[in-house]
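What follows is a single structure, written as structure tokens, with notes after it.
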Amino acid sequence: MKLGKALGSVGGLTLASRVLALVRDSLQATFVGASFASDAFFVAFRLPNMFRALFAEGAFASAFIPMFNRHVSEGGEVRAGLRFAEQALAVLFPVLLALTGLMLVAAWPITLGLSGGFHRQQPTPDQFAFAVELSRWTIPYLMLISLASLLGGILNSLDKYWVNAAAPILLNVSMVTALFFFHGADAFQTARVQAISVTVGGALQLAWLMFACRRAGVSLRLQRPRLTPEVRQLMRLILPAATGAGASQINLAISTALAGRLLGEGSLSFINYADRLNQLPLGLIGIGLGTILLPTVSRQLSSGRDAEAMDTQNRGVELALFLTLPATVAFIVASVPIIRGLFQFGHFSDAATHGSALALSAFSIGLPSYVLVKVLTPGFYARADTRTPVRYALISVGINLVGNLILIPTVGHVGPPLATALASTINVAMLYATLRKRGHFAPDRQLARRIPRLAIAAVMMGVALWLVTPLVDARLFGGRIERFAWLGLLVSGGIATYAVACFVTGAFRPSDLKALLRRRDTAPAGKPVPAPNPAKD
């Protein structure tokens, strides 16, 4: 596998999805603004977002992919892995069906827990009932995305990363379509349309992956549920993997609940608009690298190529820092024009811009650590160790809780993002120290040489952005096209400056980039990586 090329494929599709998400959020800012209706929707949307990260992008992928690859390696053909997948599906489907029904019934206490009861906003009974209704519209998405994660895990194991990476685009297409063509006469009607479109998007994602699996010769039969030893092992791995991989989402859920209870109207929206922008590089880089590294490292370790696995992780950290350090600096220096250019339309006020910009700057402090969690945890999961990440994740959740309680009374809505960034940074430090102690990861000379140079290049870019930001911000009050044009110039200028700074500091050379794109994950002679056989399957 070409690590850089694979990340480009997955990251490019993830970028397309995140750009659509920005379009979606811009439309929401226009039609809903930062109000109780938007706060209610963000609470309802937090649940599927959290479940997707905990299960689809975290627990199931982390536990299922190494086991699937091991079955393929031991059986010598893909069919051996698919038999295990069918056993997992047989148990997963009824459990998800029952869980979805239970959550629909319990939507009221779930909404209460996620929102903190909107205590400071003092909602009327009708307003809170509206928030519960939105949660009921989004809850079925959990079952749909979980089933899709099973199919996506199989496709990732077969190196068809782009198919799974393209699926989230359908969710955003559904939501953008709903906002653009079916927005209501007021903010509450539009929020309801948004919630319905979430579940419609989940159905489209599942249908797309089912179609892609059939095209790849993968067909799963629904069997009678049986707790085979393999399924029992999968279940034992899922719970700790969920907490370990989804620590940032758990922290965000805690932050949302505390903010909903302790802060006034619009604060939840400030935090969520900022988080949506923070998720752009996280989705492009972190999820892309995590998607690629887990099956790659597990495959390398299962075939005894420990040195290659170490090199793959080093290059993963290298790519993560190369891409996240400039994003961190840009979000700190230019947060106001970024928020203004994307969201300040219609119901979204100048006060909302500055409130969201402060939250974005606070979130971005932890951006490198959010991504590095995705890069380092495959080093544990590929070795079937899901317990260590969960211990560290629980510690980070505790740190986040204490941080929220201390910071919210001090700095208001900036407190939850700051606490989340601090908790994630400590989580990464513990993961790194443990991998290093066990001899499972050590920075090589190339990585050690590049890290300080990348940091200097990012600071150089930040200085340039700081100088031009006031000039650009003054021109972000016109129409959408004019705003996006100036914002595009700001972003492209920052990228160009960072690229030049990387070469000036020696962080990267043209020959380095060419070598990175040529890097392959080649199996040793006599041990080819199996490919699906439609005739057999």
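The values are calculated or read from the model by the stated rules, or taken from the named source; none is laboratory data. This one's a predicted model, so the numbers in the text were calculated from it and none came from an experiment. All Cβ positions, even for glycine, are placed from backbone atoms using ideal geometry, and neighbour counts span all protein chains on display.
Numbers at a glance
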quantity: Candidates THR420, THR469 - the one that is surrounded by 15 or more Cβ atoms within 10 Å (Cβ to Cβ), hydroxyl-bearing (Ser, Thr, Tyr) and modelled with pLDDT of 90 or more; calculated: THR469
quantity: Neighbours by Cβ (under 8 Å, 6+ apart or cross-chain): first from the stretch 80-109, farther than 22 Å from MET210 by Cα; second assigned to a helix (DSSP H, G or I) and not aliphatic (A, V, I, L, M); calculated: LEU104/ARG136; LEU104/PRO140; ALA107/SER135; ALA107/ARG136
quantity: All positions within the stretch 458-512 that are under 30 Å from ARG445 (Cβ atoms) and in contact with a Phe, Trp or Tyr (Cβ under 6 Å, 6 or more places away or on another chain); calculated: MET461, CYS502
quantity: Residue match in the stretch 368-387 (condition: of a type in the set (S, T, N, Q), in contact (Cβ under 8 Å) with a residue 24 or more places away in the chain, in contact with a Lys or Arg (Cβ under 9 Å, 6 or more places away or on another chain) and over 28 Å from TRP466 (Cα atoms)); calculated: yes
quantity: Residue match in the stretch 105-117 (condition: at pLDDT below 80, surrounded by fewer than 20 Cβ atoms within 10 Å (Cβ to Cβ), outside any helix (DSSP H, G or I) and at positive phi); calculated: no
quantity: Subset tally (residues that are among the hydroxyl-bearing types (Ser, Thr, Tyr) and either out of contact with any helix residue (DSSP H, G or I) (no Cβ under 9 Å at 6 or more places or on another chain) or free of Cβ contacts under 8 Å to residues at least 24 places away in the same chain (or both)) for the stretch 173-183; calculated: 1
quantity: Odd one out for THR124 among (1) hydroxyl-bearing (Ser, Thr, Tyr); (2) farther than 19 Å from ALA34 by Cα; (3) surrounded by fewer than 18 Cβ atoms within 10 Å (Cβ to Cβ); calculated: (2)
quantity: Residue within the stretch 164-172 that is touching a residue at least 12 places away in the same chain (Cβ under 8 Å), crowded, with 22+ Cβ neighbours inside 10 Å, of a type in the set (S, T, N, Q) and assigned to a helix (DSSP H, G or I) present; calculated: yes
quantity: Selection count, the stretch 251-273, where residues are modelled with pLDDT of 70 or more and either closer than 20 Å to ALA423 by Cβ or out of contact with any helix residue (DSSP H, G or I) (no Cβ under 7 Å at 6 or more places or on another chain) (or both); calculated: 16
quantity: Residue within the stretch 308-326 that is at pLDDT 90 or above and crowded, with 23+ Cβ neighbours inside 10 Å present; calculated: yes
quantity: Residue pairs meeting the criteria (Cβ under 9 Å; at least 6 apart or on separate chains; first closer than 13 Å to VAL468 by Cβ and touching a residue at least 24 places away in the same chain (Cβ under 8 Å), in the stretch 479-491; second exposed (fewer than 13 other Cβ atoms within 10 Å of the Cβ) and not polar (S, T, N, Q)); calculated: TRP486/GLY478
quantity: Any hit, the stretch 281-301, residues being at pLDDT 75 or above and in a helix (DSSP H, G or I); calculated: yes
